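Encoded as structure tokens, the structure appears first; notes follow it.
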Amino acid sequence: MIETTETMTTRDGVELVATLWRPDGPGRFPVLLSRTPYGRAIAGPGFHLDVPRLVEAGYAVVAQDVRGTGDSGGVFRFLTGEAADGRDTVEWAARAPWSDGSVGMFGDSYLGITQLLAAQERPEGLKAIAPHVAPAGLYECVYQPGAVPNLNVILTVSLLVLATGELERRVRRGAAEPSDLDRFRAAIGLPDRLPETMQRLAERLPLSDQPLLADLVPFYAAWMDTPDPEAGLWQDGVIHYDRIDVPALVSTGWYDYFRDASIGHFQHLRGDSRLIVGPWTHFTHDRAIGGRDYGDLAGQDAIDWTGIHLDWFGRWLRGEPPAGRASVEYFVMGADEWRTASDWPLPGAQRVTYHLGADGTLGTAAVEPGTLDFAADPDRPVPTLGGAVMSFDAFGPLDQRPLDGRDDVLRFQSEPLADGVEVSGPVELVVLISSTAGGADVTGKLVDVHPDGRAELLTDGVTRVAGLSPGEVREVRVELGAIANLFRPGHRIRIDVAGSNFPRFARNPHKGVTTLHQPSYATIPTSS
């Protein structure tokens with residue numbers, strides 16, 4: 001394998017720098033391209049493929065620092081401009097002397113959405129893409145429905161990745177001292193005070209007031225001050241699916257915070273595209289997460305993640321016979337096994353209504369009218385406990401029992417199941433609420449309660465309601481997101497409702513009492 005540094009110039013005159021790994025020998029090769037703001041090291045963030053194995057299979061692999069990061073010139077603008085730069089880069093790679101003219105793209109997260117943005121420009125030479133855990137757009141990176149800041153993710157990324165990366169870049173270029181980087185790392189609590197520091201910074205108000213980010217990530221304040229999704233700030237990071245005409249191998253994990261966005265990519269593109277969903281988080285792809293072991297076949301190593309991509313790119317860049325895999329492959333937690341399907345949501349899934357009883361019951365039978373109250377206090381929010389969060393330890397299917405006893409969480413629980421219930425698809429919570437305040441957040445969780453009492457979080461969501469008049473009762477829909485889980489016999493299905501889930505979601509500043517009215521329910525897709 002030969003490693004070289006390659007440069008190209010965009011059409012507006014900015015030089016972008018990349019590392020090339022290619023077979024040691026003459027010839028032209030199909031190109032696998034990844035564009036990253038996180039550093040182009042062979043094992044850097046966003047690279048979950050075995051690069052030497054790709055090269056051994058006869059590919060030239062390119063990792064490029066996007067504009068304003070690493071060794072590339074220009075100013076980093078977080079997704080803004082990535083469509084045009086991606087188009088220029090693909091066409092450069094297709095024309096390179098070591099290229100046979102066929103280009104595929106791969107990578108995780110930011111590296112995933114750069115593929116979709118480039119693909120919509122239809123650059124010459126692009127044959128296929130493979131976005132993993134990719135967001136749906138710039139706005140969706142920052143906000144949840146109802147303009148609730150996705151605080152845990154965006155604050156953590158801004159501090160630990162964007163700000164740190166920019167300061168490291170300045171040190172390399174002589175615009176900052178190594179001691180500046182040491183002081184910044186100490187300020188954010190590295191190495192042993194990070195959770196406490198992140199909690200403190202998440203509690204700062206207004207949300208845009210983060211002195212540690214003001215210089216290093218100047219666009220963070222604008223994000224927090226611009227909740228309107230139609231604002232011009234967000235438009236350059238919008239994906240135009242109707243312009244994408246190459247197949248996509250889309251993949252994600254049930255505990256990835258871009259899970260539903262990734263599934264949405266597949267649903268928009270379909271055709272020859274494929275979807276793979278495993279029991280993974282945004283960063284973790286092993287067999288066990290959050291203290292839960294999903295078995296021998298759960299990890300990406302067990303299913304040969306690089307081999308899956310070699311099959312994919314072999315078909316579209318080399319014309320090799322397709323591997324004959326299903327359009328959709330998804331892992332069912334609880335059953336701890338893989339399933340295949342022709343589409344998602346599953347064509348045969350039945351959406352079952354589970355009513356939330358005023359006595360705390362959850363079932364398919366209609367319930368008597370009634371109301372339940374829960375407090376909404378930004379000074380005492382319900383703490384985040386697991387789920388699709390950016391964390392180094394407290395993520396995934398964590399036991400929710402530490403939250404027992406709180407008077408600001410409503411729990412609705414089924415009787416122990418006589419037969420197993422397999423849930424596969426998007427779960428939605430629909431509640432009628434009123435509030436003593438002018439606005440309210442409604443958070444929901446789907447929980448698998450084991451016979452021993454373990455209350456395992458499966459998926460959650462939030463919606464913000466504004467402009468509530470005194471006495472007004474309003475219907476609120478909370479998308480809890482997609483999941484695939486077998487509730488085994490003896491387990492219980494549970495829905496938790498509250499007014500906060502912090503710091504996963506930013507707090508609503510309104511303080512008051514929220515009342516849940518009947519009929520309120522959850523729609524849960526079940527499959528045989």
| message | Criterion first (surrounded by 14 or more Cβ atoms within 10 Å (Cβ to Cβ), at pLDDT 95 or above, within 30 Å of Arg287 (Cβ to Cβ) and not charged (D, E, K, R)) does Val409 satisfy it? | response | no
| With (1) of a type in the set (A, V, I, L, M, F, W, C); (2) surrounded by 15 or more Cβ atoms within 10 Å (Cβ to Cβ); (3) under 23 Å from Thr514 (Cα atoms) as the list, and Ala366 as the residue in question, which single condition is left unmet? | (2)
| Residue satisfying all of: in segment 108-151; charged (D, E, K, R) and in a strand (DSSP E or B); farthest from the chain's Cα centre (by Cα) among these | Lys127
| note | Of (1) within 22 Å of Ala375 (Cβ to Cβ); (2) at pLDDT 95 or above; (3) part of a loop (DSSP other than H, G, I, E, B), His517 satisfies every one except (3)
| message | On the basis of being touching a residue at least 24 places away in the same chain (Cβ under 8 Å), farther than 25 Å from Pro206 by Cβ and either assigned to a loop (DSSP other than H, G, I, E, B) or out of contact with any Ser or Thr (no Cβ under 9 Å at 6 or more places or on another chain) (or both), does Ser500 make the cut? | response | no
| message | Can you list residue pairs whose Cβ atoms sit under 8 Å apart, with the first residue in segment 407-430 being closer than 19 Å to Glu479 by Cβ and the second being open to solvent by less than 10 Å² (accessible area, probe 1.4 Å) and not in a strand (DSSP E or B)? Count only pairs 6 or more apart in sequence or on different chains. | response | Phe412/Gly357; Gly425/Trp344
| query | Taking segment 70-85 as the search range and keeping residues that are of a type outside the set (D, E, K, R) and touching a Leu at 6+ places or on another chain (Cβ under 6 Å), which one is farthest from Leu117 (Cα to Cα)? | reply | Ser72
| query | What pairs come up if the first residue lies in segment 283-309 and is at negative phi, the second is aromatic (Phe, Trp, Tyr) and open to solvent by 20 Å² or more (accessible area, probe 1.4 Å), and their beta carbons are under 7 Å apart, counting only those six or more places apart or on different chains? | reply | Ile289/Phe395; Leu297/Trp338
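Just give me the residues in segment 404-425 being under 23 Å from Val332 (Cβ atoms) and assigned to a strand (DSSP E or B), in sequence order.
If the condition is that a residue be under 23 Å from Val332 (Cβ atoms) and assigned to a strand (DSSP E or B), then Gln413, Val421, Glu422, Val423, Ser424, Gly425 are the ones that fit.
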| field | Unique residue being in a strand (DSSP E or B), touching a strand residue (DSSP E or B) at 6+ places or on another chain (Cβ under 7 Å) and of a type in the set (Gly, Ala, Ser) when the list is Ala375, Ala437, Ala366 | value | Ala375
| task | For segment 6-57, enumerate the residues that are farther than 28 Å from Ser158 by Cβ, touching a strand residue (DSSP E or B) at 6+ places or on another chain (Cβ under 6 Å) and open to solvent by 70 Å² or more (accessible area, probe 1.4 Å). | result | Thr7, Thr9, Asp24, Arg28
| task | Restrict the check to segment 52-63 and report whether at least one residue is in contact with a Ser or Thr (Cβ under 9 Å, 6 or more places away or on another chain) and acidic (Asp, Glu). | result | no
| query | What number of residues within segment 474-528 are open to solvent by 10 Å² or more (accessible area, probe 1.4 Å) and of a type in the set (S, T, N, Q)? | reply | 8
| said: Given the criteria open to solvent by less than 40 Å² (accessible area, probe 1.4 Å) and either over 19 Å from Asp209 (Cβ atoms) or at pLDDT 95 or above (or both), does Leu162 qualify? | reply: no
| message | Looking at (1) in a loop (DSSP other than H, G, I, E, B); (2) touching a residue at least 12 places away in the same chain (Cβ under 8 Å), which one does Asp359 not meet, given that it meets all the others? | response | (2)
| message | Please count how many residues of segment 232-241 are open to solvent by less than 20 Å² (accessible area, probe 1.4 Å) and either at pLDDT 95 or above or assigned to a loop (DSSP other than H, G, I, E, B) (or both). | response | 1
| query | Is it the case that Gly146 is within 22 Å of Ala506 (Cβ to Cβ) and either open to solvent by less than 20 Å² (accessible area, probe 1.4 Å) or without any contact (Cβ under 8 Å) to a residue 40 or more places away in the chain (or both)? | reply | no
| Subset tally (residues that are among the hydrophobic types (A, V, I, L, M, F, W, C) and surrounded by 19 or more Cβ atoms within 10 Å (Cβ to Cβ)) for segment 422-439 | 5
| task | Quickly run through segment 176-200 and pick out the residues that are surrounded by 13 or more Cβ atoms within 10 Å (Cβ to Cβ) and in contact with a Gly (Cβ under 9 Å, 6 or more places away or on another chain). | result | Pro195, Thr197, Met198
| Do we have any residue at all in segment 263-279 that's in contact with a Gly (Cβ under 6 Å, 6 or more places away or on another chain) and either closer than 16 Å to Val133 by Cβ or modelled with pLDDT under 95 (or both)? | yes
| request: Scan segment 303-339 for residues that are over 24 Å from Ile493 (Cα atoms), under 24 Å from the mean Cα position of the chain (by Cα) and not in a helix (DSSP H, G or I) and jot them down. | output: Ile303, Asp304, Ala326, Ser327, Val328, Glu329
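Yes/no per residue for (1) within 25 Å of the chain's Cα centre (by Cα); (2) part of a loop (DSSP other than H, G, I, E, B):
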residue	(1), (2)
Gly73	no, yes
Arg77	yes, yes
Phe106	yes, no
Val171	no, no
| task | Evaluate the following for Ser109: is it in contact with a Pro (Cβ under 9 Å, 6 or more places away or on another chain), more than 22 Å from Trp234 (Cβ to Cβ) and crowded, with 20+ Cβ neighbours inside 10 Å? | result | no
| Out of all the residues in segment 242-270, which are open to solvent by less than 10 Å² (accessible area, probe 1.4 Å) and either without any contact (Cβ under 8 Å) to a residue 60 or more places away in the chain or assigned to a strand (DSSP E or B) (or both)? | Ala248, Leu249, Val250, Ser251, Thr252, Gly253, Trp254, Tyr255
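The values are calculated or read from the model by the stated rules, or taken from the named source; none is laboratory data. What you are looking at is a predicted structure, and each value in this text was computed from that prediction instead of being measured. We place every Cβ from the backbone using ideal geometry, glycine too, and count neighbours over all the protein chains shown. To get the accessible areas, we keep the full protein, side chains included, count just its heavy atoms, and leave off ligands, DNA and RNA. Shrake-Rupley method; radii C 1.70, N 1.55, O 1.52, S 1.80 Å.
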